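Let me begin by presenting the structure, written as C-alpha cells, before commenting on it.
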Amino acid sequence: MPDKILIIRNGQMDVFKKDEIKKFTIKAADQMLELFPDISTVLGKEKLNKKITFAINNAKKYKIFDEKNLLRYISLTFILGDKFDNNSDYKRIHHILNDPNIKDSSKKIDEILSIIELSS
C-alpha cells in the first residue's frame, strides 16, 4: 500500500498560523496577568489582547519571532509603553532594535533590559 501524502493548501496553512497566534496570545495574556496584574486587569481581556497583538506585530519589524523573546518584548511594552521603540526618550533602545549588527533577538532584548536596569 503506497504512503499517503498530506497536502496542506495555503488557506489551510493560514488557519494553522492564526490558531498558533491565538494560542500564543492567550499564553502571553496569562503571563502579562501574572507579571503586570494591575495594568492587565484594568485593560480587560479585549484591550489586553489588542496590546499583545500590537506588540507581536511591532516585534516582527525587528525580526523578533521566537516565543521567549516575543514574551520579553511584550513585557517591555508594559514597562516602557506600546510605542517605546519610536519614543525619542529611548534613543539607545531604538538604536539596538535597528542595529543591523545585532541579529540575535535574545541579544537585542538583553541589551535593552540592561539599559533599563542601569537607569533604575
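When Glu117, Glu67, Glu111 are screened for being among the acidic types (Asp, Glu) and modelled with pLDDT of 95 or more, only Glu111 passes. Scan region 53-64 for residues that are farther than 12 Å from Ile109 by Cα and either loosely packed, with under 12 Cβ neighbours inside 10 Å or among the basic types (Lys, Arg) (or both) and the total you get is 3. For region 81-91, the candidate set comprises residues that are surrounded by 13 or more Cβ atoms within 10 Å (Cβ to Cβ) and among the charged types (D, E, K, R); within that set, the residue that is farthest from Ser40 (Cα to Cα) is Asp85.
Taking every residue in region 79-106 that is within 11 Å of Tyr62 (Cα to Cα) and pairing it with any residue that is part of a loop (DSSP other than H, G, I, E, B), at least 6 positions away or on another chain, the pairs with Cβ-Cβ distances below 6 Å are Leu97/Tyr62; Ser105/Ile64.
Residues in region 82-120 that are in contact with a Phe, Trp or Tyr (Cβ under 9 Å, 6 or more places away or on another chain) and small (Gly, Ala, Ser): Ser105 only.
Restricted to region 22-105, the set of helices (runs of 4 or more DSSP H) holding at least 2 residues that are hydrophobic (A, V, I, L, M, F, W, C) and closer than 20 Å to Glu117 by Cα comprises 67-80, 91-98. The C-beta contact set for region 38-63 (first residue within 18 Å of Lys17 (Cβ to Cβ), second residue β-branched (Val, Ile, Thr) and surrounded by 19 or more Cβ atoms within 10 Å (Cβ to Cβ), distance under 7 angstrom, 6+ apart or interchain) comprises Ile52/Ile74; Ala55/Ile74; Ala55/Thr77. Just one residue in the set Ile109, Ile115 is within 25 Å of Leu33 (Cα to Cα) and surrounded by 20 or more Cβ atoms within 10 Å (Cβ to Cβ); that residue is Ile109.
For every residue, the table says whether it meets (1) surrounded by 14 or more Cβ atoms within 10 Å (Cβ to Cβ); (2) under 16 Å from the mean Cα position of the chain (by Cα).
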{"site": "Asp30", "(1), (2)": "no, yes"}
{"site": "Glu46", "(1), (2)": "no, no"}
{"site": "Lys51", "(1), (2)": "yes, yes"}
{"site": "Thr77", "(1), (2)": "yes, yes"}
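The values are calculated or read from the model by the stated rules, or taken from the named source; none is laboratory data. Since the model is a prediction, treat every value here as computed from it, not as a measurement. Using ideal geometry, Cβ is built from the backbone for each residue, glycine included, and neighbour counts are taken over all protein chains shown.
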